[in-house]
Amino acid sequence: MAGASAQARYRSLRAQYRQERVLARLVLAGVAGSMTAGLFDWLPGMSVALGILLLHSLFLRVKPDPVTRWRRGAAAERRTGRRLARLDPAYFHVLHDRALPAASRANLDHLVVGLTGVYAIVSRRWPPLTRLRAADERMWAGPRPMTRVLVMARDAARTVAEHLSDDLGRRVEVNAVIVVHGARMPHAGFVFDGVTVQRAKRAGRLIQRQPAVFTTAQVAAIAAAAERILPPMIDV
């Protein structure tokens, strides 16, 4: 399932921090409510306490802490998975959330094997106002360079290509793709340093519209090898 390991990590972190979050929320609400009640009356104090509880809940929901990042990452992977599910299963095989060989804690969000090639896909979400652009020979997401995610996509594609080629006894090329959620970018997407960067809603179309390079028999053989080589991350 798309985003399974990210969702599991989010649930683990949420459970880990739930008690301290609840305690912090109650302490803040209690102190603020007591001070307000002492200055005015119990009714304003209760209103302030309830307001603090609500604001603290909203703050924890939107602030970019590790728990929030894992939740948003899992959601982005699931949305990409739904997009890729529209590919014709007769010609395209889609794997989600797979462990990469020789990298016990690294995973690949999605792998598509189809008539038009093999695609190692990394899903990423940025805030809606973030703009992706190329400048000074680097890719930027707002004020921050995208170096890490570009390297991750290239390394994943190279690792999968090497292991598929070894398993099948012939060269198999794998295309590195970053699927973007939320950020602003050119409508048609772009290619930077060998990595294709594309909006989530156009990812399936990008894959389908490439020229065919495999037969259905070759697609089946490559997909079977990928299943052997890349176990589900949630199992690892």
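The values are calculated or read from the model by the stated rules, or taken from the named source; none is laboratory data. All values derive from a computational prediction rather than experimental measurement. Because the Cβ atoms are built from the backbone with ideal geometry, glycine has one as well, and the counts that use them run over all protein chains shown. Ligands, DNA and RNA are stripped out before the accessible areas are found, and what is left, the full protein with its side chains, is counted by its heavy atoms. Shrake-Rupley method; radii C 1.70, N 1.55, O 1.52, S 1.80 Å.
Some points to look at:
- Applying the condition of being modelled with pLDDT of 75 or more and of a type in the set (D, E, K, R) to the stretch 65-80 and asking which residue is least open to solvent (accessible area, probe 1.4 Å) yields Glu77.
- Test: residue in the stretch 173-182 that is open to solvent by 20 Å² or more (accessible area, probe 1.4 Å) and assigned to a helix (DSSP H, G or I): no
- Residue count, the stretch 143-152 (criterion: surrounded by fewer than 15 Cβ atoms within 10 Å (Cβ to Cβ) and not in a strand (DSSP E or B)): 4
- Annotation note: Cβ proximity below 6 Å between a residue of the stretch 124-145 that is on the phi > 0 side of the Ramachandran plot and a residue that is crowded, with 16+ Cβ neighbours inside 10 Å and part of a loop (DSSP other than H, G, I, E, B) (sequence gap 6+ or interchain) occurs for Gly142/Thr130.
- Residue check for Val197: over 18 Å from the mean Cα position of the chain (by Cα) and either closer than 25 Å to Ala99 by Cβ or polar (S, T, N, Q) (or both): no
- Here Leu111 meets each of (1) open to solvent by 40 Å² or more (accessible area, probe 1.4 Å); (2) modelled with pLDDT of 90 or more with one exception, condition (1).
- Hits in the stretch 122-136 (condition: surrounded by fewer than 22 Cβ atoms within 10 Å (Cβ to Cβ) and among the basic types (Lys, Arg)): Arg125, Arg131, Arg133
- Only residues that are surrounded by fewer than 20 Cβ atoms within 10 Å (Cβ to Cβ) and outside any loop (DSSP other than H, G, I, E, B) were counted in the stretch 153-172, giving 9.
- Members of the stretch 81-108 that are surrounded by fewer than 19 Cβ atoms within 10 Å (Cβ to Cβ), of a type in the set (A, V, I, L, M, F, W, C) and free of Cβ contacts under 8 Å to residues at least 24 places away in the same chain: Ala85
Table: residues versus (1) among the hydrophobic types (A, V, I, L, M, F, W, C); (2) over 22 Å from Asp97 (Cα atoms); (3) in contact with an Asp or Glu (Cβ under 9 Å, 6 or more places away or on another chain).
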residue	(1), (2), (3)
Lys201	no, no, no
Val213	yes, yes, yes
Ala221	yes, no, no
Ala224	yes, no, no
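- Number of the exception - Tyr119 against (1) modelled with pLDDT of 95 or more; (2) open to solvent by 70 Å² or more (accessible area, probe 1.4 Å); (3) not polar (S, T, N, Q): (2)
- Any hit, the stretch 173-185, residues being modelled with pLDDT of 95 or more and of a type in the set (Asp, Glu): yes
- Criterion violated by Met139 - all others in (1) open to solvent by less than 40 Å² (accessible area, probe 1.4 Å); (2) closer than 30 Å to Thr215 by Cβ satisfied: (2)
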